[in-house]
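This report concerns only the one structure given below.
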Amino acid sequence: MHLKLAISRLKLQITKKQNGEQLARREVAQLLKEGKEIPARLRVESMIKDEKMVAAHEQLIIICEHILAR
């Protein structure tokens, strides 16, 4: 039961990060248009961190599903 709940929460987090990614891309583009390179770089670093977190969540989902299958 707890693993199923963990899987659903991880999927929710993945969805939230992926939805925020589109907005973040637009923000970076706008910052670059305005010549604000440093804030744009910081935003890109945050986006990279979020992408790595999504990959980690996806791996955790796979692990949880394998445990449930036993």
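The values are calculated or read from the model by the stated rules, or taken from the named source; none is laboratory data. Given the structure is predicted, the values throughout are model-derived calculations rather than measurements. Ideal geometry is used to build each Cβ from the backbone, glycine not excepted, and the neighbour counts take in all protein chains shown. Each accessible area value is taken on the protein alone, full model and side chains, heavy atoms only, with ligands, DNA and RNA left out. Shrake-Rupley method; radii C 1.70, N 1.55, O 1.52, S 1.80 Å.
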I need the full set of residues from region 25-46 which are of a type in the set (K, R) and open to solvent by less than 100 Å² (accessible area, probe 1.4 Å), in order please.
K36, R43
Of the numbered conditions (1) surrounded by 14 or more Cβ atoms within 10 Å (Cβ to Cβ); (2) without any contact (Cβ under 8 Å) to a residue 12 or more places away in the chain, N19 fails exactly one; give the number of that condition.
(1)
Does L60 satisfy the condition of being open to solvent by less than 100 Å² (accessible area, probe 1.4 Å), under 15 Å from the mean Cα position of the chain (by Cα) and at pLDDT 95 or above?
yes
